[in-house]
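Down below is the structure, laid out as structure tokens.
The values are calculated or read from the model by the stated rules, or taken from the named source; none is laboratory data. Just so you know, these numbers come straight off a predicted model, no measurement behind them. Cβ atoms come from the backbone with ideal geometry, glycine included; neighbour counts cover every protein chain shown. Side chains are part of the model used for accessible areas, which takes the heavy atoms of the whole protein and leaves out ligands, DNA and RNA. Shrake-Rupley method; radii C 1.70, N 1.55, O 1.52, S 1.80 Å.
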There are 2 protein chains.
Amino acid sequence: MQRKLPQSNLYLREEELRRGIELLYFAYRDFTRDPDEILATSNFGRAHHRVLYFVGRNPGTTVSGLLHQLRITKQSLSRVLGQLVEDGYIDQRPGTEDRRQRLLILTDKGEEFEKSLFETQRNRVAEAYKKAGPEAVAGFWEVLLNIVDEQERSAVLQQIEK
Amino acid sequence: MQRKLPQSNLYLREEELRRGIELLYFAYRDFTRDPDEILATSNFGRAHHRVLYFVGRNPGTTVSGLLHQLRITKQSLSRVLGQLVEDGYIDQRPGTEDRRQRLLILTDKGEEFEKSLFETQRNRVAEAYKKAGPEAVAGFWEVLLNIVDEQERSAVLQQIEK
DNA sequence: CCTATTATGTCAACAAAGCTGACATATATT
DNA sequence: AATATATGTCAGCTTTGTTGACATAATAGG
């Protein structure tokens, strides 16, 4: 618009980059809406959802494992995790090798709640996969993975390929 | 893991859906880090970034236009927008047809700052595009667009194809 | 065995960015 | 002239992140 067209290659590139950035923003904005609506009827928020998700996905994970994945401080996590434990959504068990650790697992109640949250996002993503087709999905994964910090990619790969 | 394998189709499907959900989470997490680091050295936050971005991208947009795109309340926007106007990053001009409106445009200072924020994300996305290749990029766009709320898709298309 | 380190928890204070509700002003619209 | 709309503003609240300081239990290294 404001920009006089430069070498048309660069111009296209700019458009394409803006497109990715904007789609990522809008998709993420809507992607978080469905679970947020459910959460709003409980005493929990998006932070609780993340904890439930990753504990459910990695049963027996430690507190510090969770901290690394979420990239938040232990004080932030503690508040959220404490509520989830208190309300019976997550159980803590002392580590077997290292008894300082608290191994985290979902209770049945926690599993059920996580499932209800997951289902909304699952439906949205399943629908999008169906509309876009398998090749598009492969591209979707590949670009997203490369957007992740390079040092983190192997950790992410390990997580998603589990 | 915990799950005994059901019909293998469904099992695969579950893995694929989890993968999309997790990649979206991790990619978004890192995607916002670079600008956040710059913002941390200023008095602004991620909310200011979004306003600067969309005003820069849609010069002359109105307050309510911005509200719809960001999906926040006018009180939330007001705080952030007010600071940006006060500090000389955004100018307001009365609408030409409807003088109740405030048309928003970046000042030179605002444009420069937005550029510095944009550049970090631009680099990250450009690198990811390069590594994944053009077909993957097309799939990336397609899946993301389909993750957006259906009623919003035409609005998003209009924005990204501008 | 003693010491240092590590994993976790906790208290306190603060900031960013969202929300609701109520009310004000200027301009358009009918 | 009355009503509706676009915007702004005040006040208070919530969620979720931050720092900094300190506590406890268990491990690890000498």
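Below, the figures for the structure above:
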{"quantity": "Peptide-level mean, for B:149-156, of C-beta atoms on other protein chains within 10 Å", "calculated": "3"}
{"quantity": "Cα centre as origin, Lys/Arg/Asp/Glu Cβ charges: chain A dipole, Debye", "calculated": "380 debye"}
{"quantity": "Relative contact order (percent, whole number), chain B, Cα cutoff 8 Å, 6+ residue spacing", "calculated": "20 percent"}
{"quantity": "P(r), alpha carbons of the protein assembly as shown - 20 Å bins starting at zero, rounded %", "calculated": "28, 56, 15, 0"}
{"quantity": "Label distances, nm, A:Glu150 versus same residue in remaining copies, Cβ-directed 7 Å point", "calculated": "4.3"}
{"quantity": "Calculated FRET value between A:Asn43 and B:Gln158, using beta carbons and R₀ = 35 Å, to 0.05", "calculated": "0.35"}
{"quantity": "Positive-end residue, the protein assembly as shown charge dipole about Cα centroid, Cβ charges, pick of A:Phe140, A:Thr41, B:Thr107", "calculated": "A:Thr41"}
{"quantity": "DSSP H segments from chain B that extend 15 Å or more along their own axis, Cα-based, with Kyte-Doolittle mean of -0.5 or above", "calculated": "B:46-57, B:74-86, B:134-147"}
{"quantity": "Shielding by other protein chains, B:123-129, mean Cβ within 10 Å", "calculated": "6"}
{"quantity": "Flagged links, alpha-carbon separation over 32 Å, of B:Lys109/B:Lys162; A:Lys130/B:Lys130; B:Lys74/B:Lys130; B:Lys131/B:Lys162; A:Lys109/A:Lys131", "calculated": "B:Lys74/B:Lys130; A:Lys109/A:Lys131"}
{"quantity": "Inter-copy label distances at A:Thr73 (7 Å, Cα→Cβ; nm, one decimal)", "calculated": "2.7"}
{"quantity": "Euclidean distance of C-alpha centroids, the stretch B:104-162 and the stretch A:14-64, integer Å", "calculated": "19 Å"}
{"quantity": "Axis-nearest residue in chain A [Cβ, rotation onto B], distance in whole Å", "calculated": "A:Gly139, 1"}
{"quantity": "Globularity ratio of chain B, using Cα Rg and 2.2 N^0.38 Å", "calculated": "1.28"}
{"quantity": "Highest-fluctuation residue, B:Gln101, B:Gln151, B:Gln121 considered, GNM on chain B with Cα pairs under 10 Å", "calculated": "B:Gln151"}
{"quantity": "Within the accessible area of the stretch B:32-160 (1.4 Å probe), percent carbon and sulfur", "calculated": "46 percent"}
{"quantity": "Label point 7 Å beyond Cα along the C-beta direction, distances from B:Ser116 to other copies (nm, shortest first)", "calculated": "4.7"}
{"quantity": "Surface/4 of the Cα convex hull for the stretch A:36-131, nm²", "calculated": "6.8 nm²"}
